[in-house]
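Okay, so here's the structure we're looking at.
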Amino acid sequence: MSMDLAESMLSRRGVSVSSIADIVLKLQQRYHPKLTIEQCEESVRAVLGKREVQYTLYTGIALDELAEKKLLPEPLQSIMEQDEPLYGVDETMALGVTSIYGMIGLTSFGYLDKEKIGVIEILNEKSDGIHVFLDDLVAGIAAAASSRIAHNNPDAAHYTAGSD
Ligand code: MG
């Protein structure tokens, strides 16, 4: 199954479903005091079940891995090695994932882009390997899983841009 492939690619790159679920729980627990880590994991797996998310992951992870093997053409190889802050294609790609459950995910993504919590921070601080795309993709998946929970909740009206 392709969902298993997405999950196993993530785990090969040091990211488990439960580590993304931890981020979702942090994003959502103020709105849902009874939200469990299992519900967050279920939501992350639902996001990973979407073909467009899988295709985005395959693309981003491939670019990270090709950069680690120094197989990308210049200037892209150098940009990836330096994790050039003005590159921005990694964020743009992740926004496609973020918005699959509507625009609610955007505020969460913006927050995670700034705060880099949990496994996103670990990826950012890793000195070995290149995770230019993966850190943003993980933030995008967490933000999408978080909006999915918001949409399934009758209090979804409380989620407005800027509230988080
Ligand atoms: Mg990045």
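At a glance:
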| item | result |
| --- | --- |
| Residue match in segment 36-45 (condition: of a type outside the set (D, E, K, R) and over 18 Å from the mean Cα position of the chain (by Cα)) | yes |
| Residue check, residue 117 in a loop (DSSP other than H, G, I, E, B), in contact (Cβ under 8 Å) with a residue 12 or more places away in the chain, within 13 Å of the chain's Cα centre (by Cα) and within 16 Å of the ligand (Cβ to nearest atom) | yes |
| Selected residue (criterion: most open to solvent (accessible area, probe 1.4 Å)) from residues of segment 120-136 that are in contact (Cβ under 8 Å) with a residue 12 or more places away in the chain and either near the ligand (Cβ under 9 Å from one of its atoms) or small (Gly, Ala, Ser) (or both) | 129 |
| Matching residues, segment 29-47, being assigned to a helix (DSSP H, G or I) and open to solvent by 20 Å² or more (accessible area, probe 1.4 Å) | 37, 38, 39, 41, 42, 45, 46 |
| Segment 80-97 residues that are touching a residue at least 24 places away in the same chain (Cβ under 8 Å) and closer than 17 Å to residue 125 by Cβ, paired with ones that are assigned to a helix (DSSP H, G or I) and acidic (Asp, Glu) (beta carbon under 6 Å, 6 or more apart) | 90/136 |
| Filter result (within 19 Å of residue 133 (Cα to Cα) and among the charged types (D, E, K, R)) within segment 1-58 | 7, 12, 13, 50, 51, 52 |
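Every residue, every condition in (1) assigned to a helix (DSSP H, G or I); (2) over 18 Å from residue 153 (Cα atoms), yes or no:
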residue	(1), (2)
8	yes, yes
27	yes, no
64	yes, yes
71	no, yes
100	yes, no
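The values are calculated or read from the model by the stated rules, or taken from the named source; none is laboratory data. Note that the coordinates shown come from a computational prediction; the quantities given were computed from them, not determined experimentally. Please note: Cβ atoms are built from the backbone with ideal geometry, for glycine as well, and neighbour counts cover all protein chains shown. Side chains included, ligands, DNA and RNA excluded: accessible areas come from the protein's heavy atoms. Shrake-Rupley method; radii C 1.70, N 1.55, O 1.52, S 1.80 Å.
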